[in-house]
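Visitor: What follows is a structure written as structure tokens; I'll ask about it next.
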Amino acid sequence: MVQSNTTHYLYYANLEVDTELGFSVLVTQKGLWYKIQVAALYFAMGYAMVVLINRLLKTRGVSRRRVGLVLAGMAIPVITSTIYLIKSKPAHA
């Protein structure tokens, strides 16, 4: 979808190069498919976390620790992608 073809605009609606700060910055405008993909990704991650939390509450011992580590490992990409999406505008805009 992101490769240069006739449906590229569905992922990135607009691409511009901004040189206001003295160096080139790629400014993107997200398209419809980008938003759909983000929603599907967050739904899948949320569902997986609910399943893992349910498993965490039902298990004991070493398995419980393993599930906790998987949840902690999942938290890192969830947090960083959320920060990226919140700050998706260029710093100088």
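So that you can scan it fast, the table gives a plain yes or no per residue for (1) surrounded by 10 or more Cβ atoms within 10 Å (Cβ to Cβ); (2) within 12 Å of the chain's Cα centre (by Cα); (3) at pLDDT 90 or above:
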{"residue": "1", "(1), (2), (3)": "yes, no, no"}
{"residue": "34", "(1), (2), (3)": "yes, yes, no"}
{"residue": "41", "(1), (2), (3)": "yes, yes, yes"}
{"residue": "45", "(1), (2), (3)": "yes, yes, yes"}
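Visitor: Can you tell me which residue in segment 53-90 is farthest from the chain's Cα centre (by Cα), limited to those that are of a type outside the set (Gly, Ala, Ser) and part of a loop (DSSP other than H, G, I, E, B)?
Guide: 60
The values are calculated or read from the model by the stated rules, or taken from the named source; none is laboratory data. Remember, predicted model here, so these are calculated numbers, not experimental data. Positions of Cβ are backbone-derived with ideal geometry, glycine not excepted, and every protein chain shown enters the neighbour counts.
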